[in-house]
1. When you scan the stretch 145-201, how many residues do you find that are open to solvent by 50 Å² or more (accessible area, probe 1.4 Å) and within 16 Å of ligand 1 (Cβ to nearest atom)?
2. Are any residues in the stretch 319-347 under 17 Å from Phe256 (Cβ atoms) and open to solvent by less than 20 Å² (accessible area, probe 1.4 Å), and if so, which ones?
3. Answer yes or no: is there a residue in the stretch 192-203 that is within 16 Å of ligand 2 (Cβ to nearest atom), polar (S, T, N, Q) and not in a strand (DSSP E or B).
4. How do the pairs read when you match residues in the stretch 56-83 that are without any contact (Cβ under 8 Å) to a residue 60 or more places away in the chain and closer than 9 Å to Val166 by Cβ with residues anywhere that are more than 13 Å from ligand 2 (Cβ to nearest atom) and part of a helix (DSSP H, G or I), using Cβ under 8 Å and keeping only pairs 6 or more apart or on different chains?
5. Pick from Tyr277, Tyr262, Tyr237: which is over 18 Å from Arg61 (Cβ atoms), of a type in the set (Ser, Thr, Tyr) and out of contact with any Pro (no Cβ under 7 Å at 6 or more places or on another chain)?
6. Which of the residues that make up the stretch 115-138 are over 33 Å from the mean Cα position of the chain (by Cα), farther than 12 Å from Thr95 by Cα and open to solvent by 40 Å² or more (accessible area, probe 1.4 Å)?
7. Could you list all residues from the stretch 203-237 that are aliphatic (A, V, I, L, M) and within 30 Å of Asp248 (Cα to Cα)?
8. For the stretch 34-62, how many residues are within 14 Å of ligand 1 (Cβ to nearest atom), closer than 21 Å to Glu207 by Cα and open to solvent by 20 Å² or more (accessible area, probe 1.4 Å)?
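The values are calculated or read from the model by the stated rules, or taken from the named source; none is laboratory data. Note that the structure is predicted; figures quoted are calculated from it, not measured. Ideal geometry is used to build each Cβ from the backbone, glycine not excepted, and the neighbour counts take in all protein chains shown. For accessibility, only protein heavy atoms count, side chains too; no ligands or nucleic acids. Shrake-Rupley method; radii C 1.70, N 1.55, O 1.52, S 1.80 Å.
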Amino acid sequence: MGYNFYLCEKFRNEKIRNMRNPFKYGTIVEDEFFTDRQQELQEIVRTMNSENHLILISPRRFGKSSLVMKAMKQIRRPYLIVNLQQVVSTQDLATKLLKEVFKIYKWEHLKHLIRRFRVVPTISTNPMTDSIDVAFQPVVDTRVILEDVLALLSHVSTPERQLIVVLDEFQEVMALEKGLDKQLRAIIQSQQNLNYIFLGSQESMMEEIFERKKSPFYHFGKLMRLAKIPREEFYDYIMQRLPAQQEDVATDILQFTSCHPYYTQQLASQVWELMTYENVKEQVVEVAIERLTQAHDLDFERMWMNFNRTDKRVMQMLGKGQLPLQQSGLPTSTLFSSTKRLMKTGYIIRAAAYDIEDPFFKRWIQQNNK
Ligand SMILES: Nc1ncnc2c1ncn2[C@@H]1O[C@H](COP(=O)(O)OP(=O)(O)OP(=O)(O)O)[C@@H](O)[C@H]1O
Ligand SMILES: [Mg+2]
């Protein structure tokens, strides 16, 4: 009996040790961690198989990068990605683009093209990382550098293996240099053999760039808005991965996260851990929510302290589900600027109605009677 029990425990512990959490959040997801998005995937592939560009907008952490990466794998053409959030100037944008080019094409193929640059960069190999470093001398007119690098992109791209250029967090272009959007559009427009994908998570700014008639990028490509993952798909995804088939667990997870891709994976991952390692059986979703909310207590406190009075009021109302906000008694203009600010900083999102983006922060606001 004792020996059998020992064996059982040993077997259980061994099994647990070899188990891997089937939920993933925070980084790009692929393969078995990626669900659904069939239609969106097809739309991206089709657009890339045309002479058009793609604009993909969604709030933060809805799965833009994962979706684009999956599409790139399917398309099997050369692509490069630059995140504008990590770019500090026009010259830096050119430098980062050129560095990416070096990852795809051989030096032999590039050197005669780079010799033609009006400002010739210093290229060095880094033996530690086995990568190529690029540096331009500081110049007054940085635009010629960008022009030359963009021209290089279309030179290296061929009709059979047309290059795809992905510019992530593209709305940041507006903060880099005045008039840069105009210059970029003028160059990109004249390029024949490239596809561009513009990604952005600040919806209002992306709309300003691509939907406002006077903007240089007005209706520049196919506009796609990424929604949350459909409930049925996400439900099946969770059910297939939970250690025990409990329908109410999957339902409760999705109820709490409203199918937000990132928060759903985060919560499901915590639930899986509790079920697997701690054998929690009762109220497991509630326990997981509590753990995650507590884990972020300090962050939430800091975020709260940084809100002004109106923002706090709006967040409180949303926390209590008091809608419409117009009934807050706040002057319309104050309310408008507050929701605009909170949307821009990503604290609230608007799907059917305004809501707090992070369900754990929402819970924290409710719990602390903020
Ligand atoms: N198709 C998917 N299936 C399952 N989970 C997904 C999917 N897409 C995204 N997620 C979840 O959302 C998280 C964020 O995805 P991703 O980084 O691709 O989003 P993003 O919109 O690019 O985010 P950011 O705004 O931070 O750049 C992933 O780590 C994953 O947990
Ligand atoms: Mg991303």
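1. Residues meeting the conditions: 0.
2. Matches in the stretch 319-347: Gly319 only.
3. Among the residues of the stretch 192-203, at least one is within 16 Å of ligand 2 (Cβ to nearest atom), polar (S, T, N, Q) and not in a strand (DSSP E or B), which makes the answer yes.
4. none
5. Criteria check complete, one pass: Tyr277.
6. Arg115, Arg116, Arg118
7. Leu226, Ala227, Ile229
8. Matching residues across the stretch 34-62 total 3.
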